[in-house]
Amino acid sequence: MSNIENCIIIGSGPAGWSAAIYAARANLRPLLFEGAMTEENRVMGRFPMGQLAQTTEVENYAGFPSGKLKEFLTSAIDPSRQYMFPPVEEHPHAVTGPELMELMRQQATNFGTRVITDDVVSVDFSKQPLVLNTSENGTYEARTVIIATGASANYLGLPSEEKFRNRGVSACAVCDGALPRFRNKPLVVVGGGDSAVEEASYLTKYASKVYLLLRRGEMRASKIMQGRALSNPKIELVKFSVVDEVLGDEADPRVGVTGVRIKNVQTNNTSLLEATGMFLAIGHTPNTKFLGGQVETREHGYIAWKQSYRTITSVPGVFAAGDVADDYYRQAITSSGTGCMAALDAERFLASAGFH
Ligand code: NDP
């Protein structure tokens, strides 16, 4: 058992790093668990650095217009962590998700945030100090905890989808889109939100064609993203349709998915889309399992804030920020904002308890 920490932050997306920057500058010496580099986390979309690390350009995070970012990125970020950056020429419009996350991580560590690459697997929040059990690094105690564990991509839940996961079924185009099995072949993207359009657009770099499967007659995506889908000659909208079954070769993992049988929800007729891949972009579920129900949640499992405009949860000393508590805005910039709020709330909690 270690010393009692002032502030432990769980999660390494924009909420976690922003909380860390504020907590570190307030001399709380925050300790941040960024998640473990396990295969399970990779498949479930819970790798360190969160969802943004799995995306391409981030055009709407204020402060990063297009321009000569290369010099800035290479001077700001430790060279040992620049290995995953794509050439700037490939993303002329804005900073990329991985770059933005590395900038935030660097900023947090510059102010003394200590980072551990591990998962918090369970907690005991029944009393102070709060107890956190990790996968590889034992147990930690803290006076305040900021939960910023984000949300993970949903799957449809079909047995055939499960069977072909990682053999043509994926929830991350950026992670998997460049694989040989998807090159110059038709692909299916399920969903009609901003994520689906983003995934579909990205996949057109590799695929011969991308079917965007909508269960309704229209997209949920913002107007600008809808325009991007409609103007891309490689994207074809397939309306009023849901996945009936993922088809493929089970015996040969090199083959995997060969098609998707879809059902028209208006006529109940089924038809076949030939495709070597199916990408899910149908929303997310907050990552709260490790809490074992000890923090009150709202509908669909999002952590409840107990006071409006405060990141206070049902447990004294525990605060929640980012997508784990937000089913409404879900933007990188709002996550950063609530991360900042959580650090300020934690600092005030410590001050009122006489610790800071
Ligand atoms: P959304 O909840 O916005 O969209 C989910 C989509 O999946 C909807 O089209 C929904 O259909 C569909 N869907 C849900 N369940 C099923 C199912 N079982 N079968 C078939 N289709 C299904 O999620 P996103 O992940 O797209 O976006 C989340 C948030 O992140 C949003 O606020 C979005 O604006 C933001 N975001 C912003 C980006 C940007 O600005 N560039 C990029 C990516 C995300 P239906 O519409 O019928 O409900």
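The values are calculated or read from the model by the stated rules, or taken from the named source; none is laboratory data. Keep in mind that this is a model prediction, so the values were computed, not measured. All Cβ positions, glycine included, derive from the backbone under ideal geometry; neighbour counts span all protein chains shown.
Condition first: within 12 Å of the ligand (Cβ to nearest atom) and either part of a strand (DSSP E or B) or at pLDDT 95 or above (or both). Can you find one or more residues in the stretch 285-306 that meet it? Yes. Just one of the listed residues (192, 217) is surrounded by fewer than 21 Cβ atoms within 10 Å (Cβ to Cβ) and either of a type in the set (Ser, Thr, Tyr) or not in a helix (DSSP H, G or I) (or both), namely 217. Under the condition of being under 22 Å from the mean Cα position of the chain (by Cα), not small (Gly, Ala, Ser) and not in a loop (DSSP other than H, G, I, E, B), the residues counted in the stretch 268-284 number 4.
The helices (runs of 4 or more DSSP H) found entirely in the stretch 1-118 that carry 2 or more residues being within 14 Å of the chain's Cα centre (by Cα) are 14-25, 39-43, 97-110. Within the stretch 123-151, can you find the residues that are under 18 Å from residue 37 (Cα atoms), touching a helix residue (DSSP H, G or I) at 6+ places or on another chain (Cβ under 8 Å) and not in a loop (DSSP other than H, G, I, E, B)? The one that is under 18 Å from residue 37 (Cα atoms), touching a helix residue (DSSP H, G or I) at 6+ places or on another chain (Cβ under 8 Å) and not in a loop (DSSP other than H, G, I, E, B): 151.
Is it fair to say residue 203 is within 11 Å of the ligand (Cβ to nearest atom), closer than 21 Å to residue 170 by Cβ, in the same structural domain as residue 176 (by TED's automatic domain parsing) and buried (at least 18 other Cβ atoms within 10 Å of the Cβ)? No. Being modelled with pLDDT under 95, among the small types (Gly, Ala, Ser) and within 15 Å of the ligand (Cβ to nearest atom) holds for only one residue in 241, 170, and it is 170.
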